[in-house]
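Enquirer: Just dropping this structure here.
The values are calculated or read from the model by the stated rules, or taken from the named source; none is laboratory data. It should be emphasised that the depicted structure is a prediction, and the values quoted were computed from it without experimental measurement. Quick reminder, even Gly has a Cβ in these numbers, built from the backbone with ideal geometry, and neighbours come from all protein chains shown.
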């Protein structure tokens, strides 16, 4: 009896884990697609850091949380911002100088690990978000891979595992019912 309870507990745990994994992966995909490709939760966006320009505080392969929106002329020296470069690449660097320019503001930025400041000042309208200080090292490698075409196929695995596991569980349950059915028939006849 204890063995059967242990097997049932393991089955329930595995089923719950696979279902939670499937829901998590599906949620990430849906949120990413709904927000234009950027995972977003509670008003914060998750960005993947693919360079070492901000090390040691932000390691290559980390994910960071940034807060989009608001007045992009509000930033001060030493704030860390995410902005689009002239090549439409997202960059997260520290402000080293604020330069008012009429109704706009330009920011001189620098990566903490870079020798000098960035060549071109950043216009306030090119600022996308403010870095919140939240970072998780190395998770960005996995997130970046999952957002690629090859990674998209990998996200189907939890669903397939859950389907296979459910099929095996149903097959076992039907086998148990079939074993018990002939025994019940002979009890009533005798």
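Enquirer: Please verify whether segment 103-115 includes one or more residues that are closer than 30 Å to residue 56 by Cα, modelled with pLDDT of 85 or more and loosely packed, with under 14 Cβ neighbours inside 10 Å.
Expert: Taking every residue of segment 103-115 in turn, at least one turns out to be closer than 30 Å to residue 56 by Cα, modelled with pLDDT of 85 or more and loosely packed, with under 14 Cβ neighbours inside 10 Å.
Enquirer: Residue 96 is checked against (1) out of contact with any helix residue (DSSP H, G or I) (no Cβ under 7 Å at 6 or more places or on another chain); (2) surrounded by 14 or more Cβ atoms within 10 Å (Cβ to Cβ); (3) in contact (Cβ under 8 Å) with a residue 24 or more places away in the chain and fails just one. What number does that condition carry?
Expert: Condition not satisfied by residue 96: (3).
Enquirer: Quick check: anything in segment 46-58 in a loop (DSSP other than H, G, I, E, B) and touching a helix residue (DSSP H, G or I) at 6+ places or on another chain (Cβ under 8 Å)?
Expert: Yes, some residue in segment 46-58 is in a loop (DSSP other than H, G, I, E, B) and touching a helix residue (DSSP H, G or I) at 6+ places or on another chain (Cβ under 8 Å).
Yes or no, residue by residue, for (1) surrounded by 11 or more Cβ atoms within 10 Å (Cβ to Cβ); (2) part of a helix (DSSP H, G or I); (3) modelled with pLDDT under 80:
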{"site": "88", "(1), (2), (3)": "no, no, no"}
{"site": "92", "(1), (2), (3)": "yes, no, no"}
{"site": "118", "(1), (2), (3)": "yes, no, no"}
{"site": "153", "(1), (2), (3)": "no, yes, yes"}
{"site": "185", "(1), (2), (3)": "no, yes, yes"}
